[in-house]
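Heads up: the structure comes next, in C-alpha cells.
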Amino acid sequence: MKIILIGLTVALISVASFATNNRHNMNHGHQQTQFKRVQLNGITLSNFRARASIGSTKISGIYGEIQAVKTDRLVSISTSFASMAELHEHINDDGVMRMRKKEGGLMINPGQPMVMRPGGHHIMLMGLRKRLIAGEMIDLTLEFESGQILDISVPVVSIKKTHH
C-alpha cells in the first residue's frame, strides 16, 4: 500500500511540474522556433531559420540545408518581408573575408547537402520591410533550376540560435 501511495505521489508531482513549466513558458512568449522539415519531389529542406533583426539594420540572413535526389540548383528566392533576397557566399579576398552575391545560384548535388550557415553560403535579405522578431515566422519562396517552386514558413531566431 505504501509503494502505491509513493508511486501516485511521484506521478502527481511530475504532472504538476510539467503543467507549471508549460504555463511558465507560455507566459513568457515562448514560441515555436523549429522549422518543419519539407520533402517534395526529391528535394528536402531542413533546419531553416532566419536571424532576428539587430538594432535598426535592414538586413538579415537565412540559413538551412537542402538535399536533392537529382542534381539541381537553387536559383531564386523571394519573401514579402524584404525588398530583395539574394544568394550569398563568403570568400577570402587576400586574407579579408568578404560577402558577395553568388552568381548562377547554389548547386545541390545528390548525396551532398547544401548547407547554408553563417560565414558560408546563405540567403541575404536586404531592405527589410519590418524588424524580424525571434519567435515569429516569415514566408520564403525558393525556385530551383528544375522549375520546382517551394513556399515555406521559416522561424525567426535570435542571433545566438542562428549558429546552432
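The numbers here are math on the coordinates, done by the rules we state, and not lab data. Everything numeric here is computed off the predicted structure, so don't read it as measured data. Methodologically, a virtual Cβ is constructed for each residue, glycine included, from the backbone with ideal geometry; neighbour enumeration extends over all protein chains shown.
Side notes on the structure shown:
- Each peptide in 115-122, 151-158 gets a packing score, the mean of other Cβ atoms within 10 Å over its residues, and the list from highest to lowest is 151-158, 115-122.
- Debye-sum result for the stretch 81-150 in log10 I(q)/I(0), which assumes one identical scatterer on each alpha carbon, at q = 0.20, 0.26, 0.29 Å⁻¹: -1.05, -1.32, -1.38
- Förster radius 30 Å - calculated FRET efficiency between Leu40 and Ile133 (Cβ-Cβ, nearest 0.05): 0.60
- Cα shape, the stretch 38-162, gyration tensor, a/c 1.5 rule: oblate
- Stretchable slack from Ser158 to Ser80, in nm (0.36 nm times residue separation minus alpha-carbon distance): 26.1 nm
- The residues packed around Gly127, meaning those with a beta-carbon under 14 Å from its beta-carbon, carry a net charge of +3 if Lys and Arg are +1 and Asp and Glu are -1.
- Taking amide H positions as modeled 1.01 Å from N, with prolines and chain starts lacking one, the residues under 5 Å from Lys102 and 5 or more places away or on another chain are Leu87, His88, Glu89.
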